[in-house]
Amino acid sequence: MENKASCLQIVAPPSGHIIACEKWKDSALIQGLRGIDVKIVFENEFGRADFLLPNNTCILYVSECDIIAGTTYKRKLVRYRNACSNFIEVVLVENTRLSEQYFNTVQKFVAFDLGLPLFPVSGQTEASQLIAQMVHSDGRENPFRRKSSSRLLEPLVLEAVQQIPGVSQGKALALLQHFSSIQLLCDATVTELETIVGHAAAQQVHSFFHTSLDT
């Protein structure tokens, strides 16, 4: 039977270390990490994630090429979400001149349909800086921990909710303060939303989520 490796087969590395999929060995991202005092261990059978950090966070990197190639990245993301559910799952997405026209679609799928934290990066150099920051902050509270925290006011989640037509920053804040998860916001009825943002915006929010999920 074909080996179906998952993130569950890998133990989180010690502080200051990263486990990386072998395919990244000669990449610009790894070169960037080597210059920021991060020790890297490569694994061949690493499962669905690209990187595993000491604070029990795993990362999937969606490249410009993945996005432009079509919707196959969605299958990749779903498999990642299912395989790594015991970890704090984070998605890094390249938002470049070539991929920016598709970014809102990717953002909706990752943040709203799958409920995963998404962070846009301009390329592998910026990604290496973000990953290094996450590694060196493993002694502090992890800002990406969604399973143990009901607070969704991270800047990029707030920005994502503001992408809904008719939802200003104030309304986005009100929605995220009332609903403790993206799934609860998605499942809210028009009547429930009306009490927070009014009838017109409630219709927009409800339509946004249900159109996104049905397409």
List pairs: first residue in region 69-85 and more than 21 Å from PHE103 (Cβ to Cβ), second residue of a type in the set (Lys, Arg) and open to solvent by 60 Å² or more (accessible area, probe 1.4 Å) anywhere in the structure, Cβ distance under 7 angstrom, at least six positions apart or on different chains.
ARG79/ARG48; ALA83/ARG48; CYS84/ARG48
Any hit, region 69-83, residues being of a type outside the set (D, E, K, R), under 12 Å from VAL135 (Cβ atoms), surrounded by 15 or more Cβ atoms within 10 Å (Cβ to Cβ) and modelled with pLDDT of 90 or more
no
Determine which single condition SER63 fails, assuming it passes every other condition in (1) on the phi < 0 side of the Ramachandran plot; (2) open to solvent by 50 Å² or more (accessible area, probe 1.4 Å); (3) not basic (Lys, Arg).
(2)
Checked region 41-59 for anything open to solvent by 60 Å² or more (accessible area, probe 1.4 Å) and assigned to a strand (DSSP E or B); matches are VAL41, GLU43
Of everything in region 150-189, what is aliphatic (A, V, I, L, M), modelled with pLDDT under 80, assigned to a loop (DSSP other than H, G, I, E, B) and open to solvent by less than 50 Å² (accessible area, probe 1.4 Å)? Give them in sequence order.
LEU152
Filtered residue count, region 80-113, keeping only those that are over 9 Å from the mean Cα position of the chain (by Cα), outside any helix (DSSP H, G or I) and of a type in the set (A, V, I, L, M):
2
Filter region 1-40 down to the residues that are open to solvent by 60 Å² or more (accessible area, probe 1.4 Å), closer than 21 Å to ALA83 by Cβ and at pLDDT below 90 and list them by number.
MET1, GLU2, ASN3, LYS4, LEU8, GLN9, VAL11
For LEU116: the one exception among (1) part of a helix (DSSP H, G or I); (2) at pLDDT 80 or above:
(1)
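The values are calculated or read from the model by the stated rules, or taken from the named source; none is laboratory data. Keep in mind that this is a model prediction, so the values were computed, not measured. In this analysis, Cβ positions are derived from the backbone assuming ideal geometry, glycine residues included, and neighbour counts consider all displayed protein chains. Calculation scope for accessible area: heavy atoms of the full protein, side chains included, ligands and nucleic acids excluded. Shrake-Rupley method; radii C 1.70, N 1.55, O 1.52, S 1.80 Å.
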